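Have a look at the structure below before the remarks.
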Amino acid sequence: MSWTGDVSHARATEAVESGARAAELGERGTPPVEMVHPGAPQFEAAGTGSSPVPDSAWAAGDSGKLYRIGRWGPPYFSIGARGRVAVRTAPGVSGSIDLPAIVEEARRRGVESPLTIRFPEIVRSQVARLQGAFGDAITAVGYGNRHLGLYPIKVNPLRHVVEEILDAGRDFGMGLECGSRAELAAALPHLRDDRRLLVCNGVKDEAMLALAMDAQRLGRQVIPVVQSPEEFAVFRTIAARRGEEPMLGVRIGLSGWNPGRWDGCAVPDAKFGLSPADLLALLERFPDVLPQLGLLHFHLGSQIADLSRLRHAAGEAAQIHASLVARGAALRYLDLGGGLGIEYGDAGASAAEPDYSLTDYAHAVVSAVNDVCRSRSVPPPVLVSESGRALTAHHAMLIVPVLAVRERRGFTVGTRIPPQAGDATLWLVRQALQGPRARDAAGASDLLGRAHGAFGKVGASFAEGRVALEEYALAERAFVTVARRTIEVLRLGGDPLPARVESLQRSLADRVLCDFSVFRSLPDHWGSGQAFPVMPIDRLNERPDRRGILVDLTCDADGRIDRYVSSDPDTSVLPMHAPRPGVRTELAFFLMGAYEDVLGAPHNLLGRVPEIHVRTDERASQGFRIENIIPPTTVADVLTQMGYREGELRTAMGDLVASKIAADDLSAEAGCRLIDRYTRCLGQGTYYETGDAAGPES
Ligand SMILES: Cc1ncc(COP(=O)(O)O)c(C=O)c1O
């Protein structure tokens, strides 16, 4: 593709003439439409707008395909016929809940977005599905023992979440996994029921090991899992000092690697775990520990992408289990760790997206362990799983309002063309006025290259002071129009867009300012490029005719989303609707319940958003009830976390105002209003406030 502009003076003159003609014919320029969220800042922009009338050629199912909901939504999320997101809190329940109705009800109760919505019943449903899948696999394979699920607290340590999981898993003896002293402290009091197992992973100091031993003394099944020879030495020293022989587990590193995003838990890269060689050396040195060895643990990493790797690892672990049993180990449990993957629908990350069902997962591990136990004639151990992501991801979503949309301005007929405009500019204007000329991909590619070259020329002349700002702006607008049209022709051609065209498309996309923080709410996107499904909560029966890049409230360039779940060939932009003036656009980020709640950071001092917990309620008119409202972090809360004291802040502010009043620089009333405003600010949430949140003017 040639990207040099071929600009002839004759054609340029024609362009001016046709521009004048078009203007005479009274073609209308595009209306300014960009303010979305009433009260929000309006970027200076003029957009192409779009008709709010549903397009009969576009139905809810088309949005479903576009946002790939079939990959990540079932069995909980779908799009209703009216183009609104529908939530089912368990597979097979008859009715679904209308998501926009929940958001409206929350607002009616004084809870504005940004907002986290939790569906505790989804957590319960996932617990039951996991248990059911293992139960079925055990029956199908004829496995001679049971499955025990443990919830790894680190995945979402919020009390509501942990308690819901434990309650849902009561009948199955669901236990917990912890990886730090604080997690152990949170977990221990939950062990009222002595059937529940608590596995302690992570690096354990003396205090943590002693606490685990205390719990064993209280008759609880708390198993510290030794991760290294050094940790074993500390364990042994404490046990000897206490004169006890506590049960322990051992973590092994395996060769069954996981090529997903969160790999790195297999030998030789493993951060934790004893290699088979280390383990053997340890047991040969301390054979007396074998009767205390109750659990063998491995963890391949999160989001296991390939089940054959897991099958291989489970087989390898079962072989080690059988060998240790033969040496006299009292092994009761084989702990498979976490890693049960879920689909986020990220087309760009197909290598890391798991492509198996819960049933496949359970069957793979049960049959792998069963085969080894049968062939080695050892009793099958209790199979322990530590799935976190799969239990929690679906239960939470983040609702984010769009504050403003800034569109790159295109060419509008009627724009004044400066008399001294040069050839390159006039050529661009002519192309913009002539409408879509390229009929095929080759023509579009050629036109795009020439337009790019022409705009480059104008830019270079501007930098040298030979072109006025007015002309440069005109050339930019004309280029934007031509580029949009030609890229559309290229896209319709169906071939993947070349990288530079994709990057141009990105630069032409709307910048959509949203009321949230990537650092706080989507840390895995910021830190590891994970794409989360996001889509509007309504209008899904209208064709999304714009493409946007979501940017957050923070002051950083990386406070934005640059990978989306969509079937659009370019996943770096989100297909969206043109905003409707005065109507609030709400977007929902899905699968937010695992890790995001705890990894988020208060960058720019943006705190937690408010949250509501929603349950189905057949007696309620809309089929749901909000059972719990948790207010957002206030400004005072985040400042306290950073070491400030609210009282001192207020006093300092009061002193400042008093000194101004004393110096006759400020009236007493104005001073009072100032103090009021500051005090009100400390009590407010940390996100964008609309309306009269600022209080009366001074
Ligand atoms: C030891 C251990 N168990 C369980 C998990 C949970 O994994 P997942 O959320 O992928 O199920 C992790 C997370 O990495 C882990 O390190």
With the structure loaded, tell me whether PHE519 is modelled with pLDDT of 90 or more, crowded, with 21+ Cβ neighbours inside 10 Å and over 26 Å from ASP558 (Cα atoms) or whether it fails that test.
no
If ASP194 satisfies all but one of (1) in a loop (DSSP other than H, G, I, E, B); (2) within 16 Å of the ligand (Cβ to nearest atom), what's the number of the condition it fails?
(2)
Inspect all residues belonging to the stretch 484-507 and state whether any of them is free of Cβ contacts under 8 Å to residues at least 60 places away in the same chain, surrounded by 18 or more Cβ atoms within 10 Å (Cβ to Cβ) and part of a loop (DSSP other than H, G, I, E, B).
no
Of the residues in the stretch 180-201 that are at pLDDT 95 or above and buried (at least 20 other Cβ atoms within 10 Å of the Cβ), the one that is farthest from LEU274 (Cα to Cα) is ALA187
Yes/no for VAL405 being of a type in the set (Val, Ile, Thr), surrounded by 18 or more Cβ atoms within 10 Å (Cβ to Cβ) and farther than 30 Å from GLY559 by Cβ:
no
How many of the residues in the stretch 217-231 are of a type outside the set (Lys, Arg) and either in a loop (DSSP other than H, G, I, E, B) or open to solvent by 50 Å² or more (accessible area, probe 1.4 Å) (or both)?
6
Against the condition modelled with pLDDT of 95 or more and out of contact with any Phe, Trp or Tyr (no Cβ under 9 Å at 6 or more places or on another chain), how does GLU488 come out, does it pass?
no
If a residue has to be on the phi > 0 side of the Ramachandran plot and in a loop (DSSP other than H, G, I, E, B) to count, how many in the stretch 597-626 make the cut?
1
Check the stretch 116-128 and report whether any residue there is more than 18 Å from ALA594 (Cβ to Cβ) and either open to solvent by 10 Å² or more (accessible area, probe 1.4 Å) or among the β-branched types (Val, Ile, Thr) (or both).
no
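Table: residues versus (1) within 16 Å of the ligand (Cβ to nearest atom); (2) without any contact (Cβ under 8 Å) to a residue 12 or more places away in the chain; (3) open to solvent by 10 Å² or more (accessible area, probe 1.4 Å); (4) part of a loop (DSSP other than H, G, I, E, B).
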residue	(1), (2), (3), (4)
GLY348	no, no, yes, no
GLU353	yes, no, yes, yes
TYR361	yes, no, no, no
VAL369	no, no, no, no
PRO380	no, no, yes, yes
LEU398	no, no, no, no
LEU428	no, no, no, no
GLY443	no, no, yes, no
Quick one: is GLY647 away from the ligand (no atom under 16 Å from the Cβ), touching a residue at least 12 places away in the same chain (Cβ under 8 Å), farther than 24 Å from THR690 by Cα and not in a loop (DSSP other than H, G, I, E, B)?
no
Scan the stretch 77-90 and tell me whether some residue there is surrounded by fewer than 16 Cβ atoms within 10 Å (Cβ to Cβ) and over 30 Å from THR686 (Cα atoms).
yes
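The values are calculated or read from the model by the stated rules, or taken from the named source; none is laboratory data. Computed from a prediction, not measured in an experiment: that's the story for all the values here. All Cβ positions, even for glycine, are placed from backbone atoms using ideal geometry, and neighbour counts span all protein chains on display. Side chains included, ligands, DNA and RNA excluded: accessible areas come from the protein's heavy atoms. Shrake-Rupley method; radii C 1.70, N 1.55, O 1.52, S 1.80 Å.
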